[in-house]
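To start, the structure under review is shown below, and the notes come after it.
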Amino acid sequence: MYLSKIQKIVNDGLVKITRIARNYSNGDCVGVRRCNPPLINPQNLPYLPIPKLENTLHKFIKSCEPFVSYKVIVETKEICEMFQKKEGKYLQKYLISKAQNSYNWLDDWYTQCAYLCNRDSLPMSTSPIMTFPPQKFRKTYQQREYVAKLILAILKFRKLCYCNKLPVETWHKYPLDMGVYKKLFANIRLPKPVCDQLYHYPNSQHIIIMYKNNLFKVKVMNNCGDPLSFRQLTERIDEVMTRGKATGIPFGLLTSLNRDTWAGVYEHMKDIGNNEELLEHIEKSMFLINIDNPPPCPVCDDEDRKLNSCQNGFHGYGPKVNGANRWYGKTLQFFSTRDGCSGIIFEHSPVEAIPLGKMADYILNYIAGDEWREVPDIILRERPLKMDFIPSEDIINAMNDASEHLEQKMNNFRIDILHYDRFGKEFIKENKLSPDAIIQAALQFANLRLHNSVTPQHETASTRRFYMGRTDTIRSCTREVVRFLQNMSRVTTPTKEKFELLQDAVKRHQQITADVMMGRGIDRHLFGLLMASRELKIPLPKLLRCEAYHKSGRFRIVTRQNPTKRNCFTCYSPGLDGGYGCCYNPRSEDINMCVTCKRSDPECHPGKFLDAWACSMRNIADLILRYKLYQKECFSRGKCSKC
């Protein structure tokens, strides 16, 4: 019955769909076309395509093989065949129809389901952080000067974004969507019942500075877009820190509440005095600056300071330290502590975290240079506005609940970092292997060491080759990786065979990565089919209820690469209870890795996982070196052609 219903719904656009699919077919995808008009898409990037259904189902079956029995694989093949013949082909047509009538067929579904409709509180959930290399402030004024330089650097980077002066990034000569950088600034995720809403204010001229829970509106540029000078910014920061010496009421805690709870408190808060006007100042600001208290943890060396910086960004050491000195709905917050910790707190909804790396490199280069000295004074008489919200009994009670909840959530999280300096990506490249594939294999190797099993592994890959593209999933745990890891621990397996298995695993990873970045991934396509079935109000297809689908999609290891040239760390929450969140920054001669997990699962420990990963990286490096030695011996014996 519902099959005929689907057919009727898509029937009106079927002729158009068939014509477009024929004219814009591209290998494994259909519906690939250029995006117009140019005012909306100045780079004239193609739309995100729809992968061919039969190819997605074939790749899906292969991705499940490491985690389910042969019997389940046979059953899954039968389910996929029936799905392709029946409801699958109609759901596919529905997706193609949606793709031809939108700028990006995935964007609204994914943004809502992954972020806006998620009711969990934002800190330690969907909000990643990036830390900068620690500074050394011997005097209080040095922190003020650092914050002033930081603001000037951000404003200059923002200007480059809005003037389209950033060099266009490419992947294999394909230009990538640069519009993501404009989405970083002046965004707010407002709390609403059931599903939040995003708002963007591109003409904003002010920022918000938070100090000891006090909020100040600071206008930092004139109507012509010229910023305050370094001297003028330092004066205003000094004024903020003078007027905010007394710890304020922790209104920022409210933004750490469950989203439905915060939505109710937010509406109540707007009805009191001039609170609504003050809230608008925050919502329309370009970004936030959080001037934080030093963390309570003792510092012995630079590694301790880097870990403190990650913890301060991730949870602010709870409501009693810096956890209330935040406004978690803003897309960009930059924190700086008296002891030199600094970085970015990022709300994920409008855009992916990939641009943070480039922005961080620009900011740190700007601060280290002299360009900030050349910014002239401007006429701007508006002084910082201290924003004194009016509380009510209900708001105070909500703050107490938020404080307790944030404390509990912080106590349930573990974070650890590792600066792996034995080698970096150049050593791996010299041996004609992919650094990303090697790091991913070592992560699975670490899990095998600790938990004696292989597990589904998620790696974030960008789809910015397409207009408004965000991400898709690389399923990094493949049959090839499993074969390699199984043979790594076998003494009887020859070095040559182990290295060839490693090469097979790397090639497979590179193939999957290319597929995903070319719009031929599995997970977003399956997600689209799921959302299509919901919109059509038909029963959930058996494919999306089967054992293989659920087992292969429970990613115990969630990973993302966020490369920077500077010594930065990125931290992200685990994807599920009993899992790990792994972020890494592969540099030329070293690799920064941060791992998070929850204390509620006693089997998980970030420090042990990092040790296992480092050991796995050393084992792989030793294999590479042994194989090189083996090749030299073969060459010296005149047997190179047989090797």
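The values are calculated or read from the model by the stated rules, or taken from the named source; none is laboratory data. Because the structure is predicted, anything quoted here is derived from the model rather than measured. Virtual Cβ from ideal backbone geometry, glycine too; neighbours counted across all protein chains shown. Calculation scope for accessible area: heavy atoms of the full protein, side chains included, ligands and nucleic acids excluded. Shrake-Rupley method; radii C 1.70, N 1.55, O 1.52, S 1.80 Å.
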task: State all residues of region 108-124 that are open to solvent by 40 Å² or more (accessible area, probe 1.4 Å) and part of a helix (DSSP H, G or I); if no residue qualifies, say none.
output: 108, 112, 113
- request: Identify, from the list 272, 249, the residue that is more than 27 Å from residue 158 (Cα to Cα), β-branched (Val, Ile, Thr) and open to solvent by 50 Å² or more (accessible area, probe 1.4 Å).
  value: 249
- request: Starting from residues that are part of a loop (DSSP other than H, G, I, E, B) and closer than 23 Å to residue 358 by Cα, keep the ones in region 125-135 and report whichever is modelled with the lowest pLDDT.
  value: 126
statement: Flagged in region 188-206 as of a type outside the set (Asp, Glu) and in a loop (DSSP other than H, G, I, E, B), in numbering order, are 191, 192, 193, 194, 195, 201, 202, 203, 204, 205
message: For region 435-484, which positions are open to solvent by less than 20 Å² (accessible area, probe 1.4 Å), in a loop (DSSP other than H, G, I, E, B) and touching a helix residue (DSSP H, G or I) at 6+ places or on another chain (Cβ under 8 Å)?
response: 455, 456, 463, 464, 476, 477, 478
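Yes or no, residue by residue, for (1) more than 27 Å from residue 115 (Cβ to Cβ); (2) touching a residue at least 60 places away in the same chain (Cβ under 8 Å):
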| residue | (1), (2) |
| --- | --- |
| 251 | no, yes |
| 255 | no, yes |
| 263 | no, yes |
| 274 | yes, yes |
| 284 | no, yes |
| 297 | yes, no |
field: Residue within region 490-503 that is open to solvent by 10 Å² or more (accessible area, probe 1.4 Å), modelled with pLDDT under 95 and over 26 Å from residue 434 (Cβ atoms) present
entry: yes
- request: Would you tally the residues in region 415-433 being crowded, with 18+ Cβ neighbours inside 10 Å and of a type in the set (Phe, Trp, Tyr)?
  value: 2
task: Name every residue in region 196-212 that is open to solvent by 30 Å² or more (accessible area, probe 1.4 Å) and within 21 Å of the chain's Cα centre (by Cα), in order of residue number.
output: 197, 198, 199, 200
Selection within region 351-372 - crowded, with 20+ Cβ neighbours inside 10 Å and in a loop (DSSP other than H, G, I, E, B): 351, 352, 353, 354
Filter pass, residue 255 being polar (S, T, N, Q) and either open to solvent by 40 Å² or more (accessible area, probe 1.4 Å) or under 28 Å from residue 407 (Cβ atoms) (or both): yes
- request: Kindly indicate which of 57, 48 is aliphatic (A, V, I, L, M) and either surrounded by fewer than 21 Cβ atoms within 10 Å (Cβ to Cβ) or assigned to a loop (DSSP other than H, G, I, E, B) (or both).
  value: 48
- request: Kindly indicate which of 322, 293 is free of Cβ contacts under 8 Å to residues at least 60 places away in the same chain, open to solvent by less than 60 Å² (accessible area, probe 1.4 Å) and over 23 Å from residue 201 (Cβ atoms).
  value: 322
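Each row is one residue, and each column tells you yes or no for (1) under 27 Å from the mean Cα position of the chain (by Cα); (2) polar (S, T, N, Q).
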position	(1), (2)
222	no, yes
226	no, no
235	no, no
247	no, yes
250	no, no
253	yes, no
264	no, no
272	no, no
277	no, no
- request: Quick one: which residue in 565, 542 is open to solvent by 10 Å² or more (accessible area, probe 1.4 Å) and within 21 Å of the chain's Cα centre (by Cα)?
  value: 565
message: I'd like to know if region 619-635 contains one or more residues that are hydroxyl-bearing (Ser, Thr, Tyr), assigned to a helix (DSSP H, G or I) and open to solvent by 10 Å² or more (accessible area, probe 1.4 Å).
response: yes
